[in-house]
Amino acid sequence: MVGRIRRAWKDKNALFYLVLLPLSWIFTVITALRRQAYKIGVLSSYALPAPVIVVGNINMGGSGKTPVVLWLVEQLKSNGYTPGVISRGYGGANNMQPASVDQDSLASQVGDEPLLIARRTGCPVWIGRKRVDVGRALLKANPTCDVIVSDDGLQHYWLKRDVEIAVVDSESTGEHYLLPAGPLREPQSRLQTVDFIICNGEKTVAQAFSMQLCGQTFYNLVNPQQIVAVDYFFDKSVKALAGIGKPERFFNGLTNLGLDFDGVAFDDHYAFTAKELEHIACDALVMTEKDAVKCQIFAQEHHWVLPVEAKIESAFLPQLLAKLKK
């Protein structure tokens, strides 16, 4: 069904005009009324006893939020802060009530992105549907935390925020339709109200800061201490899998490294099974770090991971820190 809807977005067929577009108009009105209700106080927002930085987007998936969160946490730590991260825990079975994410947690229980953040940063990470409750639980369990980073949640207005960062995909900035007629959660005009915009890829928004995702070396999923360069794979048959919002971005990155491979794309947050991976015949199977946290429990020696890091325009960090200090 998701594939059919995406095709309707592209082709503007009968499904788009008869079903999706009218529903999109209704969603647009509801979205505007809801935001206005929070703005004028009809609906209440709640503040946490620590400043909150929301890293979100206005479109569905694939913008690069998680690399920004990872980068932001490390920068905050380098500048004397003790950050904690809160997340919805999408895809995890334990995301109804506030719950802590440990480095040995299972992605099936806590979600792939929170587990990745916990393992990469080592900072407190908590998940749950209601971010106010999650933030309170995190701060109670970790009283030394002095700043909260919300992974996603730009539209979660129940939580007051001190800084809003919108991450946009350079390939999606021309979108105009809200769900379900398009990928937008809020109209493009919402970008005019956030504190900062980070553009993943070519900068297509004038006031945005540019970001590139960089990855050069691979580590083995069974033995993470084994690290290789791309030329390790040149004499091998290689398959690449990606269960992320924009699989083509991962595949393009591999191509730019000079890797010859066959790509296998899955839905975002896809729950892989050992049997599925066993049926992918190859000498080497490479994957994203987000997928790796789900596949590690049944990893094989020919499974490899390409971690990426965000490189954000240097002018961004000083402005963010100045805003945070206020």
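Bear in mind that the values in this text are calculations on the coordinates, not laboratory data. Keep in mind the model is a prediction, meaning the values are calculated, not measured. Neighbour counts are summed over all protein chains in view; Cβ atoms, including those assigned to glycine, are modelled from backbone coordinates with ideal geometry.
Tabulated data
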{"quantity": "Radius of gyration and Dmax over the Cα atoms of segment 98-167, both given in Å", "calculated": "11.9, 31"}
{"quantity": "Size of charge dipole - segment 1-54 - debye, nearest 20, with Cβ of Lys, Arg +1 and Asp, Glu -1, no other charges", "calculated": "200"}
{"quantity": "Dipole axis of the chain (+1 Lys, Arg; -1 Asp, Glu on Cβ), positive-most option in ALA47, PHE196, ALA271", "calculated": "ALA47"}
{"quantity": "Ranked by how many other beta carbons lie within 10 Å on average, peptides 198-209, 157-168 from highest", "calculated": "157-168, 198-209"}
{"quantity": "The chain - mean residue ellipticity at 222 nm from DSSP helices (-39,500 (n - 2.57) per run, n ≥ 4, rounded to 500)", "calculated": "-9000 deg cm²/dmol"}
{"quantity": "Difference of contour (0.36 nm per residue) and Cα-Cα distance, HIS176 to ASN256", "calculated": "25.8 nm"}
{"quantity": "Selected from ALA37, SER314, LEU23, residue furthest toward positive end of dipole (the chain; charges at beta carbon)", "calculated": "ALA37"}
{"quantity": "Relative contact order of segment 280-326, defined on C-alpha pairs under 8 angstrom at six or more residues apart (%)", "calculated": "38"}
{"quantity": "Neighbour-limited loop hits for GluC sites (Glu not before Pro), segment 274-326 (at most 15 other Cβ within 10 Å; DSSP other than H, G, I, E, B)", "calculated": "GLU301, GLU313"}
{"quantity": "Using alpha carbons only: equivalent-ellipsoid semi-axes of segment 216-307, gyration tensor based, whole Å", "calculated": "17, 15, 12"}
{"quantity": "Relative contact order %, the chain, counting alpha carbon pairs below 8 Å whose residues are six or more apart", "calculated": "19"}
{"quantity": "Identified option (computed Cα Rg over 2.2 N^0.38 Å; candidates (1) 1.01; (2) 1.31; (3) 1.74)", "calculated": "(1)"}
{"quantity": "Cα-centre dipole for the chain with unit charges at Cβ (Lys and Arg positive, Asp and Glu negative), debye to 20", "calculated": "1500"}
{"quantity": "Count, lysine Cα pairs under 26 Å in segment 277-326, 8 or more residues apart or across chains", "calculated": "5"}
{"quantity": "Net lengthening on full extension, ASP231/HIS279 (0.36 nm per residue, minus Cα-Cα)", "calculated": "14.8 nm"}
{"quantity": "Cleavage-rule hits, trypsin sites (Lys or Arg not before Pro), segment 106-153, DSSP coil, Cβ neighbours within 10 Å at most 14", "calculated": "ARG129"}
